[in-house]
Amino acid sequence: MNEPSPPLAGRREWIGLAVLLLPLLLVSMDVSVLYFAVPFISADLAPTATQQLWIFDIYGFVLAGLLITMGALGDRIGRRRLLMIGAAAFALTSAAAAYAGSAEALIATRALLGIGGATLMPSTLALIRNMFHDAKQRATAIAIWTAALTFGVALGPILSGVLLEHFWWGSVFLINVPFMLLLVVLVPVLVPESRRVAGGRFDLLGAVLSLAAVLPVIWGVKELAAEGDPRLAAAAIVLGLAVGAAFLHRQRSSPDPLIDLTMFRGRAFRGAVAVNLLAMFALIGFAIFTTQLLQTVWGMSPLEAALWSLVPSLGIGAVAPLAAGLAQRGIPRNRLVAVGFLVALAGFAAMTAVGADSPLWTLMVCASLYACGLVVVMSLSAELILWAAPPERAGSASALSETAAEFGGALGMAVLGSIGTAVFRARLDVPAGLPAEAADTARETLAGAAAVAAGLPGDAGAALLAGARTAFMSGLHAAAIAAAVLMALAAALALRTLRGSDSGPVSPTAADCSPHGAGSASVARTDADARAGADAGAGAAA
């Protein structure tokens, strides 16, 4: 006897989907919106090199560290309620960030923005799953959701460039406020509440441990690169690793863990999460160098630099479906992922030949190479993560995939940015007789060196600026070499861990035990197909 078909979504659900895209656009946009605001923030707030990196990536770290936590919290208090709370918090902290009067204040407000963003992303996806019960409609809705994520990351630099052409740097944050207020008004009318109580207590200790494990490690890496106290930096790293071990122990022993660690027993699942993280590490981590090259070294306006930064994404629309088509024709996915990493390796290696006086097309070719290669990786890993997880764990697997991507991007900015900063400082020669304070400013960042050079007379200023640009290119080359080495290791990892991952779900017994039986597997497969193509675009836009 055939089961009745699930109800189809109507006009209200599709309009509700459009409303839910608002927070997603803004949250993903805030990951990239600061790329072209750096010179303006540097001139106004005078952050140190370490503070500049924190301004960039504290948002992504807090967002990544709290995604799973907020997803679990929404299950208990209601996803729509959590979305409303997050929207209000995001609006308030956006206004605070816009008017931050110091680098420390901007870092703090960016961290608060990350908390608000973490409440919004899992809530929107969970609400969409509840609104669309038909498998095909749900696949379409999730594809639109991930396409909006793509568009938001791509829109960030463009919107930043437009705003910075006409307003002060705080406008890139203030633009969030009216959209969040609109969300607060429309969501109660168009989106039904959704709650799935898991039957246990919320793991508050696990949530605290998950965040406390990340921040000390990253702070230690930054301090080592910034030539801070090595003993203090090493102690922070050790502390973070120790807290991470405590978090894993908590997840193993807790009756209601935030993460079901049994999913990581499968080699294919572990490998897919790892390669997804490494791809985002390289793609997002290197973006800070290309944007500064366009704007600070080559002197482009924010809008012009933002538009040129989109050129590498033009060929990506064909690369992702090509990779999927090759996989469907029987080419092993582990080999395709490895080839993607090797193409990215070629792009990063070629970046070492780009100089301050190179033509623009050389950067576009190199960036296109590594972007296309990494999008192949991300489009296939998104599918593999859902295939490798048991069907009844598809939702948790998606959350882990998003968390790994966010964390990888933020970690890439920290590590590659720290490498570039260390080399910049080592290679920059400041003029003799320069005041100590000005010399320290020049050694902090390229923007700081440009500001000091502007205040020096004649040839002295020109010499300092030329030397700073040369030192920056040395830092860029060092980061490119580090990224290329990582791509080689990632290719080897993909070949080893993803071998045999083309035979579908790795746990058929789990499908049989699922409350929805075979139907659950079908839905998971449909969601995987939808998310794979859309996630490929997300990586391209980044």
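Place +1 on the Cβ of every Lys and Arg and -1 on the Cβ of every Asp and Glu in region 11-112, take the dipole about the Cα centre, and give the residue among Gly74, Leu34, Ala89 whose Cα lies farthest towards its positive end. After comparing all options, I get Gly74.
For Val177, Val430, the sequence from fewest to most other C-beta atoms within 10 Å is Val177, Val430. Evaluate E = 1/(1 + (r/R0)^6) for Arg335 and Arg270, where r is the Cβ-Cβ distance and R0 equals 22 Å; express this FRET efficiency to the nearest 0.05. Step by step, r from the Cβ atoms, then E = 0.75. Multiplying the residue separation of Leu307 and His249 by 0.36 nm and subtracting their alpha-carbon distance yields 16.2 nm.
Just so you know, all these numbers are worked out from the coordinates, no wet-lab data involved. What you see is a predicted model; the values in this text were computed from it and never measured. Note that each Cβ is placed from the backbone with ideal geometry, even for glycine, and that neighbours are counted across all protein chains shown.
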